[in-house]
1. What residue, among those in region 62-81 that are in a strand (DSSP E or B) and without any contact (Cβ under 8 Å) to a residue 24 or more places away in the chain, is surrounded by the fewest Cβ atoms within 10 Å (Cβ to Cβ)?
2. So how many residues does region 36-61 have that are assigned to a strand (DSSP E or B) and of a type in the set (S, T, N, Q)?
3. Could you tell me which residue of region 103-135 is farthest from Gln145 (Cα to Cα), considering only residues that are assigned to a helix (DSSP H, G or I) and touching a strand residue (DSSP E or B) at 6+ places or on another chain (Cβ under 8 Å)?
4. Going through region 82-98 one residue at a time, which ones are crowded, with 16+ Cβ neighbours inside 10 Å and farther than 15 Å from Ile44 by Cβ?
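Nothing in this text is a laboratory measurement; each read-out follows from the coordinates by a stated rule. Since the model is a prediction, treat every value here as computed from it, not as a measurement. Because the Cβ atoms are built from the backbone with ideal geometry, glycine has one as well, and the counts that use them run over all protein chains shown.
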Amino acid sequence: MLGSSMSKRKHVHEEKFAAPPEELFALLHTPSSIRDWWSASRAIVIPEVGGTWAAAWGEQEDEPDYTAAATILSFEAPRRLVLGNYQYHAKAGKLPFEADFVTEFLIIPLTDGTILRVTQDGFPLGEAADAHLAGCVQGWKDTFQGIRRFLGEST
C-alpha cells in the first residue's frame, strides 16, 4: 500500500527519541497529545483500523484555518500507524493538484532509544505540488520539534 509509483514522490523524515516505543505510539493517536505536540486546536481519533484520525487548526471552531481527516489504514501498536483517504479543508482554498496521500508512522526500537520515521507518500510530480512538498519537509522538522518539546527532550 505504501509505495510510490513513477508519477509520485514521497518525503521521509526520521529522528531518534529517548522515549520508549509505547509512549511514541500513544502520542500519535491520543487527541490531547496531538493538540499539544502538533499545536492543533482540536483532534478526534478512533484508534482502530478503519477508524478516523482528524485534526483542525485555527481559533474558529466553526471555520478552522485548516482541517485534515484521514482513515486509519493500519494500527499496529506500538510499531506502525498508517493514514490514508485524506480529506483536507483550508480557508486559503484547495490544493492546486490532485493527490492521494498516505502517511506512515513507523516506530523502530533501539537499545538506547526509539526512532520515529514518517513517510508521506503521494506527492504528484510537477511544479504544482513543489511548494506543498517543500512546506511538508519543513513542517515535519517543526512537528518533530513539537514532539521533543512534548516529551521534554532537548534538541
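1. Restricting to residues being in a strand (DSSP E or B) and without any contact (Cβ under 8 Å) to a residue 24 or more places away in the chain, the top hit is Glu76.
2. Here the count works out to 1.
3. The qualifying residue farthest from Gln145 (Cα to Cα) is Ala129.
4. Of region 82-98, the ones crowded, with 16+ Cβ neighbours inside 10 Å are 82-84, 86.
Once the filter is applied, which keeps residues that are crowded, with 16+ Cβ neighbours inside 10 Å and farther than 15 Å from Ile44 by Cβ, region 82-98 yields Val82, Gly84.
Residue-wise test of (1) charged (D, E, K, R); (2) within 24 Å of Lys141 (Cβ to Cβ).
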residue: Trp38; (1), (2): no, yes
residue: Glu61; (1), (2): yes, no
residue: Ile72; (1), (2): no, no
residue: Tyr88; (1), (2): no, yes
